[in-house]
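The values are calculated or read from the model by the stated rules, or taken from the named source; none is laboratory data. These numbers were taken from a predicted model, which means no experiment stands behind them. Neighbour counts run over all protein chains shown; Cβ positions are idealised from the backbone, glycine included. The protein model used for the area step is the full one, side chains on, heavy atoms only, and it has no ligands, DNA or RNA in it. Shrake-Rupley method; radii C 1.70, N 1.55, O 1.52, S 1.80 Å.
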Amino acid sequence: MPSEQWTHPEPGDGPAAVAAQPSPEQVIAGLRATSEGGAELTQLLTPEGERVPSPQFDKYVEDVDAEALRGLYRDMVLVRRADREANAMQRQGQLGIWVPLLGQEAAQIGSGRALKANDMAFPSYREHGVAYARGVDMKDLLGIFRCTDHSGWDYQGTGFHPYTIVIGNQVLNAAGYAMGQKFEGKVGDDDGEATICYFGDGATSQGDVHEGFVWAAVYDAPLVFFCQNNQWAISEPTERQSRLPLYQRARGYGFPGIRVDGNDVLACLAVSRWALDECRHGNGPVLIEAFTYRMDAHTTTDDPTRYRLSDELEEWKLKDPIERVRAYLARNGYADHDYFDSVQADADAFAADLREYTFNMPEPPPERIFSNVYAEGNPVLDAQREEFLSYLDGFVSAGEH
């Protein structure tokens, strides 16, 4: 039987597709749900930069005035410029690999700016924008991809967990952390804590994600599952991973799910604030599906031209997350050319600083790999370090002869 490449229709649209024989109406409903966002897509700013009122979510962004929106615009421009610079440096041999976020700036900045100081974020390996929003120095990110370091920032101070390379594993970590917040009585009012966990559409096919959903649901953990559906799990499209829109999966676990326009920074901010507020008041967990698009390769080792059409990419360029904010600011007289030019100049300077740092990044000594593995000394680790350094000394001695 061939793999299903459609989804269930929305509730009330008719029966689900069966076996490998979907009706034409079911095919159309499925394609619309996976490629256009569907009727339940939450959007506050259209691709043309027009404000869409929302009775449910406007109150969550009523404090976002012109200055705040300019700040969100600046965040996205700087993060994109840093991403493009890192991509170029990998091509020049300065980084071992890079994981682009191009096109996903709104999802990451919007949700990252929704977090409070005591909240915790668990990323995968693409959340450079969230790291920036949480105050992580992007130079620390570059050390990971140059293979000289592994997440050298203050995790507790920034509220941003180390990157996780194993697909979906961070969901289990986040579920455990959020359960701890619940057990320690850190939820229940406006001052409560919450956790957010980031993963992609492909990760929803992993068992770790399912298990994280189960544990978080059973223990009412204050956890926001933030799925960045960028349409492609490396070379597999979303419709090959699910027969229904991903946000609807939350129903099976007994908690709410919502789909937001992942290219709309205002909507991502509002929906994330709502979800985090639900969690910190003890009404978690919540699943957010940020409907966005990966404008570049999965990583710099990937060639997306082998599995997707250029027409698809061109269509999503019209939904660019930065351009819609720029259009809104300009149309309403909140920013002029001088402002946009100054932001671009800041972004170029930001990228130049990252480039200078990367090209002159010191090589760590071999024993660095054993540092900070445990909070206190460990005899087994000490023995491993001594054995490893002795092994390296053998090469030096051999070279002298």
**Report entry** Test result for residue 137, at pLDDT 95 or above and under 28 Å from residue 96 (Cα atoms)
**Finding:** yes
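Which one of 218, 224 is under 17 Å from residue 288 (Cα atoms), modelled with pLDDT of 95 or more and of a type in the set (A, V, I, L, M)?
Just one listed residue meets the conditions, 224.
Among the residues of region 293-335, what is the count of those that are in a loop (DSSP other than H, G, I, E, B) and open to solvent by less than 60 Å² (accessible area, probe 1.4 Å)?
Of region 293-335, the ones in a loop (DSSP other than H, G, I, E, B) are 293-303, 307-309, 318-320, 332-335.
Retained after the next criterion (residues that are open to solvent by less than 60 Å² (accessible area, probe 1.4 Å)): 293-300, 302, 307-308, 319-320, 335.
Number of matching residues: 14.
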Report summary line: Subset of region 72-110, residues surrounded by fewer than 23 Cβ atoms within 10 Å (Cβ to Cβ) and not in a helix (DSSP H, G or I), comes to 92, 93, 94, 95, 96, 97, 100, 102
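Could you tell me which of the residues 214, 209, 166 is over 30 Å from residue 364 (Cα atoms), surrounded by fewer than 22 Cβ atoms within 10 Å (Cβ to Cβ) and of a type in the set (A, V, I, L, M)?
Step by step, each of 214, 209, 166 is checked, and only 214 is over 30 Å from residue 364 (Cα atoms), surrounded by fewer than 22 Cβ atoms within 10 Å (Cβ to Cβ) and of a type in the set (A, V, I, L, M).
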Query raised in the report: So which residues in region 274-292 are surrounded by fewer than 24 Cβ atoms within 10 Å (Cβ to Cβ) and part of a loop (DSSP other than H, G, I, E, B), if there are any at all?
Result: 281, 282, 283
Query raised in the report: Is it fair to say residue 171 is touching a residue at least 12 places away in the same chain (Cβ under 8 Å) and assigned to a helix (DSSP H, G or I)?
Result: yes
Requested in this report: Scan region 76-91 and give yes if some residue there is under 16 Å from residue 260 (Cβ atoms), assigned by the TED database to the domain that holds residue 264 and in contact with a Phe, Trp or Tyr (Cβ under 8 Å, 6 or more places away or on another chain), otherwise no.
Outcome: no
Query - Every pair of residues 6+ apart whose Cβ atoms lie under 8 Å, when the first sits in region 111-138 and is free of Cβ contacts under 8 Å to residues at least 40 places away in the same chain and outside any loop (DSSP other than H, G, I, E, B) while the second is of a type in the set (Phe, Trp, Tyr) and open to solvent by 30 Å² or more (accessible area, probe 1.4 Å) - result: 112/132
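Please tell me if residue 350 is within 31 Å of the chain's Cα centre (by Cα), closer than 21 Å to residue 93 by Cα, aromatic (Phe, Trp, Tyr) and loosely packed, with under 13 Cβ neighbours inside 10 Å. Before you say what the answer is, go through the steps one by one.
Details: within 31 Å of the chain's Cα centre (by Cα): yes; closer than 21 Å to residue 93 by Cα: yes; aromatic (Phe, Trp, Tyr): yes; loosely packed, with under 13 Cβ neighbours inside 10 Å: no.
It is false that residue 350 is within 31 Å of the chain's Cα centre (by Cα), closer than 21 Å to residue 93 by Cα, aromatic (Phe, Trp, Tyr) and loosely packed, with under 13 Cβ neighbours inside 10 Å.
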Requested in this report: Tell me which residues, restricted to region 139-168, are basic (Lys, Arg) and assigned to a helix (DSSP H, G or I).
Outcome: 139
